[in-house]
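Data block below; observations after.
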Amino acid sequence: MTDAPAPSKLAMVPFVSVAQMMEMVNTIGPRQMMAELAEYIETDFRRWELFDKTPRVASHSPEGVIELMPTSDGETYGFKYVNGHPSNLRRGFQTVTAFGVLARVDNGYPILLSEMTVLTALRTAATSAVAARHLAPEGAKTLALIGAGAQCEFQALAFQEMIGIEKVRIYDIDPAATQKAVANLADSGLDVTACDSGEEAVAGAEIITTCTADKQYATILTDNMVGRGVHINAIGGDCPGKTELHRDILLRSDIFVEYPEQTRIEGEIQQLDPDHPVTELWEVITGRKEGRRGADQITLFDSVGFATEDFSALRYVRDQLDRTGHYSMLDLLADPDDTRDLFGMVRRAKG
């Protein structure tokens, strides 16, 4: 009997593991990587009309949600698998895990498989900063972060790098989470304050980010906590029945979203009438619509995360493979010598 055939070149797909993603982040630097990611994200928002767009495909359960997020620009197809299970924290699991794929449209062959738990944290923070470049008050220096979970430090560093934030005020209902974030940011150059309440955190902040995980209608920000002229970056609401802001705040704000068809189902605006006016972020980025118009305007980025942002992130990672070398080749595709003889390939593999 002959030896089992070696995988063909076409069978091999670049794969970025969790360890390799962390090496990539540390090689480039987290702030630099998020700034570079932001340019890919903004570039794809500028060509928004090229993309296939659909709300993510969600499978809900009492414990959480599992979602697929697909899109394509006509040449490359991408999707992300992601879960959101708030109860996981109490059971020793991560609240969110993810992986993603890029593939060629012309032949359907995958060209990248990557972890996306770390990458999603990077792209979420980069997207927040992209929106803030167009919506936050000019010269903003203080960021309030309400929720000190997995996203907290990424947000702080992205806003420092891209917006020029100097002070960060953090509050979480769990003091240990707040102290974790403070410790992680100790060498960041930011002036970081641990706060005892949401009210204390937002005092003096020009930008407020809410990033909590509870899967319920919640009021993380009450109306009296939001003064004139602030920018709110609401990123915790990402499924039906999960919100963070009091409805009255929405009625006082100019609201900006990624994809209305998805945000009206999952975002803060699920609290409002289905025809409540919103502006799509791509329209602001391309100059079709106005973002921030004045010093007293309250701007709200009702961010739920959209597939094009993950596509941008995967596209960025693929472009860094040769730059960093942090990947391996994975024998992922069955590729028989005779495309009609898949069984024969299996049989010959007996050796």
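Each reported figure results from applying straightforward, stated rules to the coordinates on display, with no laboratory input. This structure is a prediction, so every number in the text was calculated from the model and none was measured. Reconstructed Cβ throughout: ideal geometry from the backbone, glycine too, with neighbour counts over all protein chains shown.
Descriptive notes on the structure:
- Mean residue ellipticity at 222 nm, helices only, the chain: -10000 deg cm²/dmol; runs of at least 4 DSSP H residues each add -39,500 (n - 2.57), and the sum is divided by the number of residues.
- Stretchable slack from THR27 to ALA6, in nm (0.36 nm times residue separation minus alpha-carbon distance): 4.3 nm
- The label-point distance for ARG104 and MET329, in a model that sets each label 7 Å from Cα toward Cβ, rounds to 1.5 nm.
- Note, ³J(HN,Hα) from phi for segment 25-30, Karplus 6.51, -1.76, 1.60, rounded to Hz, x at Gly and Pro: 4, 6, 5, 7, x, x
- Principal-axis tilt of helix 307-324 within the chain, Cα atoms, nearest 10 degrees: 60 degrees
- Alpha-carbon gyration tensor eigenvalues x 5, square-rooted, for the chain, Å: 39, 22, 19
- Residue with peak Gaussian network fluctuation, the chain [Cα springs, cutoff 10 Å], from THR124, THR279, THR263: THR279
- Projected label distance in nm at GLN94 and VAL18, using a 7 Å step from Cα toward the beta-carbon: 0.5 nm
- Sparsely packed trypsin sites (Lys or Arg not before Pro) within segment 47-82, loop by DSSP, other Cβ within 10 Å at most 13: ARG47
- Note on the chain: with a GNM built from Cα contacts shorter than 10 Å, the maximum mean-square fluctuation among LEU37, LEU190, LEU145 falls on LEU190.
- Choice from LYS141, LYS180, LYS167 with maximal GNM fluctuation in the chain (Cα, 10 Å cutoff): LYS180
- In order along segment 138-151, phi translates into HN-Hα couplings of 4, x, 4, 10, 10, 10, 9, 10, 10, x, 10, x, 4, 8 Hz, rounded to whole numbers, per the Karplus curve 6.51 cos²θ - 1.76 cosθ + 1.60 with θ = phi - 60° and x for Gly and Pro.
- Extension gain for GLU138 to VAL57 (0.36 nm times residue separation, less C-alpha to C-alpha distance): 25.4 nm.
- Between 0 and 90 degrees, the angle of helix 175-184 with respect to the longest Cα principal axis of the chain falls at about 70 degrees.
- Placing +1 on each Lys and Arg Cβ and -1 on each Asp and Glu Cβ, with no other charges, gives the chain a dipole about its Cα centre of roughly 480 debye.
- VAL168 long-range amide H proximity, modeled H, under 5 Å: LEU143, ASP191, VAL192, THR193
- Residues of type aspartates and glutamates that LYS53 reaches as a straight line, Cα spacing below 16 Å, ignoring anything fewer than 8 places off in the same chain: ASP44, GLU67, ASP73, GLU75, GLU258, GLU261, GLU266, GLU280, GLU283, GLU309, ASP310
- For GluC sites (Glu not before Pro), the sites in segment 17-79 that DSSP calls loop and that have at most 10 other Cβ atoms within 10 Å are GLU75.
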